[in-house]
Ligand SMILES: Cc1cc2nc3c(=O)[nH]c(=O)nc-3n(C[C@H](O)[C@H](O)[C@H](O)COP(=O)(O)OP(=O)(O)OC[C@H]3O[C@@H](n4cnc5c(N)ncnc54)[C@H](O)[C@@H]3O)c2cc1C
């Protein structure tokens, strides 16, 4: 039976450069890439669609309407994309409110998102979506099985794996252990250009709940002595080990 | 200031109590099996739940019912804890801060720190947050002289999900955060059998084995307790050897405080070479045996 799937996609700065004079990150005009676990989320959505049929809507909340990341989601197999602008850093409650507002206006059986994101790592979005939408959360799923309206997952919960189930509609969050995200084929990249893509600004009001006092790089002053000559390297590193450890 | 602490993991509750008991009047909400172990960590009261609850929504509903008695709620940053805390925030409308590593309350505001950009920076914030998830391993748990009152609480909220069988993963009692030498492996090891050679090196150096997330959480070639990084342990040994580890920021977040970092990787451009003191560019399967021999020889001399 076919399902309407919504997959939440985040874009993050490809590389965060640190300004050595201030020790602060430089985040103006970054190159964006798809956030790591968003890739697992898109992959899982595509696998469900391949097995049962249906339609995948990729939803991305971001600061500007740059489209390469959304195009990648479409090339991986999403059917249509919706980009919402108005993103604020470090505000997972706001992001979840914006995403939920949009999701409510769409038809859906399953919402999929990464359990956390590789940059901000608050892990709040899936649980907030579950509450805002009033649907169950099947979190940190490393295996997803579907029959009819029922979803069974294997949940990766620290030192336990737990079997859980719930009925649709539901939010599923995934981890990097859930699957191996595909690299889009060239033909699909070309075809993705013709897939529907909407860009809209969010109407949800932003409310500031915290103030940033500082955001500084953790000091790392490593020696960076690198040996390309293996024998020399082994010799020198053995000396270091001997000094530090009684061997 | 009254604070309620909860974690589904005993070690987390012990650590949070040790961290927070000086700044707050703490009570601990605990799973039934943990309640007895938690007296003596500085809590006024241990509220032992009637039954375990692994469903985040019913757990959050239950904690929401108690939250009016507290100024702050601290929940251990486990998979269950993160979800329950977030749902609690959604239910009560109270602001939440995730994965905090430091907290100070002044003038009614919470000043917290946490890792940002995957661990590249530390973000210090001031907020009205009342709910926090707390990172693991921030302090060494310690007991106090005072004992705690133990009570029973009945938790009977319903969940939207059905929790079935729980499967325990292979575990170890080794605590890598205490090791002074860590030999850590990544995907570059390629095959599980490859670990034997690394073990030999670790034994020679009186060190412990550790690994990257793929090794511990995906392939399960090492126990999950040995994972170093943003979603694993934070370690600070004298020697950290990263073998076949690329050095992605989420891994470096967990080993940045090591004294000396040694990297072995066959890719000259691997980011780990920016984060090491000494590095060898080469195939780990050639380098490690040479290193073992060299250490054995110097040992004899
Ligand atoms: C939210 C989030 C949380 C995360 N938390 C963690 C965490 O806690 N810990 C963690 O480790 N990761 C974490 N990650 C994953 C992290 O981003 C990386 O994907 C991961 O650390 C990569 O592991 P790796 O270095 O073993 O593998 P890879 O990145 O695949 O690196 C393997 C390395 O081995 C080298 N290599 C290959 N063959 C050889 C050989 N024969 N000899 C020598 N070298 C060789 C390669 O050059 C490469 O550099 C997290 C990611 C996210 C999104």
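One Cα centroid belongs to the stretch B:96-143, the other to the stretch A:65-79; the line between them spans 35 Å. DSSP beta bridges confined to the protein assembly as shown are antiparallel in about 35 percent of cases. Annotation: extensible slack from residue A:191 through residue A:216 equals 4.8 nm (criterion: 0.36 nm per residue apart, minus Cα-Cα distance).
Across peptide A:91-101, the average count of Cβ atoms from other chains found within 10 Å of a residue's Cβ is 1. Working value for the stretch B:153-301: equivalent-ellipsoid semi-axes of 32, 16, 15 Å, each the square root of 5 times a Cα gyration tensor eigenvalue, largest first. Of the residues B:241, B:66, the one with the fewest other Cβ atoms within 10 Å heads the list, and the complete ranking is B:66, B:241. Gap in Å between the Cα centre of the stretch B:33-87 and the Cα centre of the stretch B:218-290? Centre-to-centre distance over Cα atoms comes out at 35 Å.
Shielding value for B:224-231 is 2, the average number of Cβ atoms from other chains within 10 Å of each residue's Cβ.
The P(r) of the stretch A:3-201 has a tail past 21 Å containing 49 percent of all C-alpha pairs. Comparing B:205, B:19, B:222 in a Gaussian network model of chain B where C-alpha atoms under 10 Å apart are linked, the largest mean-square fluctuation is found at B:205. State whether the protein assembly as shown is rounded, prolate or oblate according to the following rule on the C-alpha gyration tensor (a ≥ b ≥ c being the square roots of its eigenvalues): a/c under 1.5 gives rounded; otherwise a/b larger than b/c gives prolate, and the remaining case gives oblate. Oblate, since a/c reaches 1.5 and b/c is not below a/b. May I ask for the angle, rounded to the nearest 10°, between helix B:10-20 and the longest principal axis of chain B, with both axes built from Cα atoms and the value confined to 0 to 90°? Once rounded, the angle reads 70 degrees. Rounded to two decimals, the Cα radius of gyration of the stretch B:2-153 over 2.2 N^0.38 Å is 0.96. Bridges between two residues of the stretch A:3-201, per DSSP, are antiparallel at a rate of about 40%. A helix-only calculation puts the protein assembly as shown at -8000 deg cm²/dmol for mean residue ellipticity at 222 nm, using -39500 (n - 2.57) for each DSSP H run of at least four residues, averaged over all residues. In chain B, the longest principal axis of the Cα atoms and the axis of helix B:195-204 are about 90 degrees apart.
Rg/Rh for the stretch B:118-185 stands at 1.03; both radii use Cα atoms, and Rh follows the Kirkwood definition. Distance from the C-alpha centroid of the stretch B:182-198 to that of the stretch A:80-114: 40 Å, rounded to the whole angstrom.
When A:33, A:17, A:155 are arranged by Cβ crowding within 10 Å, least crowded first, meaning fewest neighbours, the order is A:17, A:33, A:155. Scaled against 2.2 N^0.38 Å for its residue count N, the alpha carbon radius of gyration of chain B is 1.12. Note on chain B: GNM, Cα springs under 10 Å; of B:223, B:99, B:126, the largest mean-square fluctuation is that of B:126.
Cβ-Cβ distance of residue A:1 and residue A:105, R₀ of 22 Å, FRET efficiency by 1/(1 + (r/R0)^6): the value works out to about 0.45. With neighbours defined as other Cβ atoms within 10 Å of a residue's Cβ, the residues B:172, B:101, B:121, A:175 order from fewest to most as B:172, B:101, B:121, A:175.
For chain A, the longest principal axis of the C-alpha atoms and the axis of helix A:92-104 are separated by about 30°. Take every DSSP beta bridge whose two residues both sit in the stretch B:2-153, then give the antiparallel share in percent to the nearest 5. Roughly 30 percent of the beta bridges in the stretch B:2-153 run antiparallel, per DSSP.
Laboratory data are not the source of any read-out in this text; all were calculated from the coordinates shown. Since the structure is predicted, the reported quantities are computational estimates derived from the model, not experimental observations. Every residue, glycine among them, receives a Cβ derived from its backbone with ideal geometry; neighbour counts consider all protein chains shown.
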